[in-house]
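Step one of this worksheet: look at the structure below.
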Amino acid sequence: QVHLVESGGGLVQPGGSLRLSCAPSGTFYSIGTMGWYRQAPGKERELVATISTLETTNYADSVKGRFTISRDNAKNTVSLQMNSLKPEDTAVYYCNIELRIRITSWYIDYWGQGTQVTVSS
């Protein structure tokens, strides 16, 4: 059974940096688009950044110029480098990866368990 394993996150002061990483654990055929979403208390989950198989990236306006998403296809890993963090970046961050489990199936969204990022002095 496949699940996503996230790492990174924690408490950081405003202006600081954090790096999140995520990779699938288990057996699968291929990986599609990878991305990160976040959910702050009392708010809906929102897109942070995505990266396609061709490494085309898409960012929320609120993080452009501060966050960088990348993928390592050899390690099946997606990372999110977060710089110049602000208190409003505080949220639970979720990894999202499209996985094709077998050659006869199509892509399905998988979600990580979420990792807390808190930006506070």
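For region 30-38, the Karplus equation 6.51 cos²θ - 1.76 cosθ + 1.60, evaluated at θ = phi - 60°, returns couplings of 7, 10, x, 5, 10, x, 10, 10, 9 Hz by residue, with Gly and Pro reported as x. Taken per residue, the accessible surface of the chain reaches 54 Å², heavy atoms only and a 1.4 Å probe. Ratio to report: Rg/Rh of region 37-87, with Cα atoms as the point set and Rh obtained by the Kirkwood method; give two decimals. Ratio value, two decimals: 1.00. For the chain, dividing the convex hull volume of the Cα atoms by the residue count gives 99 Å³ per residue. Express the carbon and sulfur contribution to the solvent-accessible surface of the chain as a percent, rounded to the nearest whole number, probe 1.4 angstrom. Of the solvent-accessible surface of the chain, carbon and sulfur hold 48 percent.
For LEU85, nonlocal amide neighbours, meaning residues 5 or more places apart or on other chains whose placed amide H falls under 5 Å from its own, are GLY15, GLY16. Taking amide H as placed 1.01 Å from N in the peptide plane, the amide H of GLY32 sits under 5 Å from that of GLU98, LEU99, ARG100, each at least 5 places away or on another chain. The relative contact order of region 9-121, computed from alpha carbon pairs under 8 Å that lie at least 6 residues apart in sequence, is 37 percent. Which lysines have a Cα less than 16 Å from the Cα of LYS86, not counting those fewer than 8 places away in the same chain? Straight-distance partners of LYS86: LYS64.
The values are calculated or read from the model by the stated rules, or taken from the named source; none is laboratory data. Keep in mind it's a predicted model, so treat the numbers as computed, not measured. With ligands, DNA and RNA removed, areas are computed over all heavy atoms of the protein, side chains included. Shrake-Rupley method; radii C 1.70, N 1.55, O 1.52, S 1.80 Å.
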